[in-house]
Amino acid sequence: MKKLILIIGLGVLTMPLMAQLSQAERDFAINYLETTHANIVEAVKDLPEESFNYTPKDGGWSVSNALEHILLTETAFFGMAQGTLANDEAMSEKDLSAQDAVLIGMLANRGTKVKTAPPFEPSGKWSSKAEMLSELEKSRTKLVEFLSSTNADLRGHVTTLPFGDADVYQIILVISAHSQRHTFQMQEVLAEMNAM
């Protein structure tokens, strides 16, 4: 019996340790999801349909288009995060945590224009603002619940995004930063409309 306990103990000691999120990291990501969600709701909830669907003079996206794009990409990013967690080959010993702030700054910054991929182009998938806000509420609730309860190694699973390697925790940060970027876009569109 003592030999069995010793063998099990040695086995546990030689297993790779999972890099658990710190409580500060978990709290930051949850707060960022909740804050960016609240900012979107604040920007669009009281908009009349004319303002919600106003298309800028340069032919860019309306507020409605930007919100649809947020929803489409959010679903895709969370799916990517879950797929990366399920892929044992995605395990890495890279520590990418020093890039968190850089990633947020890069994604939220409207100074660099990026053409979106065709699957994320707005196409009128949702029929109303209320439906879109309800979908966003469901999505953010799911993300917050995931972050609040998961014991998965979000730092140890890494994938490659168009701008470089990112761990699963950073994919969640990308969701918030990307929605922040497009909330800024909504504000720009509304400012143009109000200046007319």
Filter result for residue 34 (at pLDDT 95 or above, within 19 Å of the chain's Cα centre (by Cα), under 30 Å from residue 188 (Cα atoms) and loosely packed, with under 13 Cβ neighbours inside 10 Å)
no
Only one of 95, 167 that is among the acidic types (Asp, Glu) and surrounded by 13 or more Cβ atoms within 10 Å (Cβ to Cβ)
167
If residue 53 satisfies all but one of (1) farther than 18 Å from residue 129 by Cα; (2) surrounded by fewer than 16 Cβ atoms within 10 Å (Cβ to Cβ), what's the number of the condition it fails?
(1)
Please verify whether the stretch 67-87 includes one or more residues that are over 19 Å from the mean Cα position of the chain (by Cα) and free of Cβ contacts under 8 Å to residues at least 12 places away in the same chain.
no
Considering only the stretch 144-170, how many residues are in contact (Cβ under 8 Å) with a residue 24 or more places away in the chain, over 17 Å from residue 20 (Cβ atoms) and either part of a helix (DSSP H, G or I) or among the hydroxyl-bearing types (Ser, Thr, Tyr) (or both)?
2
If you go through the stretch 74-128, how many residues are in contact with an Asp or Glu (Cβ under 6 Å, 6 or more places away or on another chain) and of a type in the set (A, V, I, L, M, F, W, C)?
1
Considering 193, 186, which residue is under 17 Å from residue 59 (Cα atoms), modelled with pLDDT of 95 or more and part of a helix (DSSP H, G or I)?
186
Can you tell which of 88, 100, 58 is modelled with pLDDT under 95 and either more than 21 Å from residue 190 (Cα to Cα) or of a type in the set (Ser, Thr, Tyr) (or both)?
88
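The values are calculated or read from the model by the stated rules, or taken from the named source; none is laboratory data. Small disclaimer: the values here were computed from a predicted structure and weren't measured. Every residue, glycine among them, receives a Cβ derived from its backbone with ideal geometry; neighbour counts consider all protein chains shown.
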